Amino acid sequence: MNDLQVDYRRAGFGADLGRGSRRALLLVDFVQAYLDPASPLFAGDQDPPALRACATLLDTARRTGVPVIHTRVELAPGSQDGGLFVRKVPALRVFERGGAFAAAPPRLAPAAGETVVTKQYASAFFGTNLASTLRVLGVDALLVGGCSTSGCVRASVVDALQHGFVPLVVADACLDRDPRPHEAALFDLGAKYADIVGLDEATTLLGSPGGV
């Protein structure tokens with residue numbers, strides 16, 4: 001551990017949340033807006049490692065029958081339903097209905113029967129039926145990947161905890177436009193709101209009895 005991690009541990013942060021008894025995979029907003037150089041939200045790589053990690057998680061979840069939830073942002077023409085979020089981040093207008101940037105890359109495209117949560121704000125839980133859907137499925141823990149680590153992933157993870165779901169953030173499967181906010185978000189989430197796991201552990205969890 002580095003000095004910062006030691007300081008937080010001594011202060012009472014970062015306890016283990018466990019891994020839950022029934023897990024689902026939550027893929028947050030991993031869409032073309034972050035992969036296409038023509039988008040103002042482009043994260044700098046058209047084929048980032050996080051995309052490949054999410055594809056691995058998705059393939060594993062499908063093979064083992066684990067529930068999969070995809071999220072996407074969709075705004076009405078004019079983006080009025082994006083409210084203050086769009087005012088703060090005008091680049092979000094790329095998610096207006098009918099645009100190409102809101103689509104998932106082919107490797108992460110939702111399959112028939114998989115839940116797709118459409119949202120207008122950062123958290124996958126805010127103004128959506130996600131919590132109710134998870135409770136009906138009997139889910140108590142979420143393996144989370146997506147875009148961006150410091151934005152919609154972070155907001156969704158904080159809300160997952162507040163709704164009573166154990167958030168397990170798959171660090172390798174999260175993407176941000178810069179490593180500094182990415183690492184800062186992972187540190188803060190791990191200290192206060194979630195457990196951070198690697199890709200190998202995540203795939204093991206998706207294939208274990210608690211994942212189905």
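Considering only protein heavy atoms, what per residue accessible area in square angstrom results for the chain with a 1.4 angstrom probe?
Heavy-atom accessible area per residue stands at 46 Å².
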### Message
Principal axis extents for segment 87-190, Cα atoms only, whole Å, descending order, please.
### Response
35, 34, 29
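How do His163, His182 stack up against each other in accessible area, from largest to smallest, with a 1.4 angstrom probe?
Result of the area sort, largest leading: His163, His182.
How charged is the neighbourhood of Val158? Take every other residue with its Cβ under 14 Å from the Cβ of Val158, and add Lys/Arg as +1 and Asp/Glu as -1.
Net local charge, Val158 excluded: -1.
Return a whole-number percent for the relative contact order of the chain, with Cα pairs under 8 Å and 6 or more residues apart as the contact set. Before the final figure, lay out the partial values.
On the way: 396 pairs, mean separation 61.5, N = 212.
Relative CO of the chain lands at 29 percent.
With +1 assigned to the C-beta of every Lys and Arg and -1 to the C-beta of every Asp and Glu, and no other charges, what is the dipole magnitude of the chain about the Cα centre in debye, to the nearest 20?
Charge dipole of the chain: 460 debye, to the nearest 20.
All other residues with a Cβ under 14 Å from the Cβ of Leu17 taken together, and with Lys, Arg as +1 and Asp, Glu as -1, what is their net charge?
Every neighbour counted, the sum reads -1.
If Lys and Arg each add +1 and Asp and Glu each add -1, what is the summed charge of the other residues whose beta carbon sits under 12 Å from the beta carbon of Arg52?
Every neighbour counted, the sum reads -3.
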### Task
Name the residue, out of Leu142, Leu27, Leu41, whose mean-square fluctuation peaks in a Gaussian network model built on the chain with Cα pairs under 10 Å.
Leu41
### Task
Considering only protein heavy atoms, with the full assembly of protein chains and a 1.4 angstrom probe, order Glu96, Glu183 by accessible area, largest first.
Glu183, Glu96
### Task
Working from the alpha-carbon coordinates of the chain, get Rg over Rh, Rh being the Kirkwood radius.
0.95
### Accessible-area ranking of Asp36, Asp159, largest first, probe 1.4 Å
Asp36, Asp159
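The values are calculated or read from the model by the stated rules, or taken from the named source; none is laboratory data. What you are looking at is a predicted structure, and each value in this text was computed from that prediction instead of being measured. Note: ideal-geometry Cβ built from the backbone for every residue, glycine included; neighbour counts use all protein chains shown. For the accessible areas, the whole protein counts, side chains as well, though only heavy atoms, and no ligand, DNA or RNA atoms are used. Shrake-Rupley method; radii C 1.70, N 1.55, O 1.52, S 1.80 Å.
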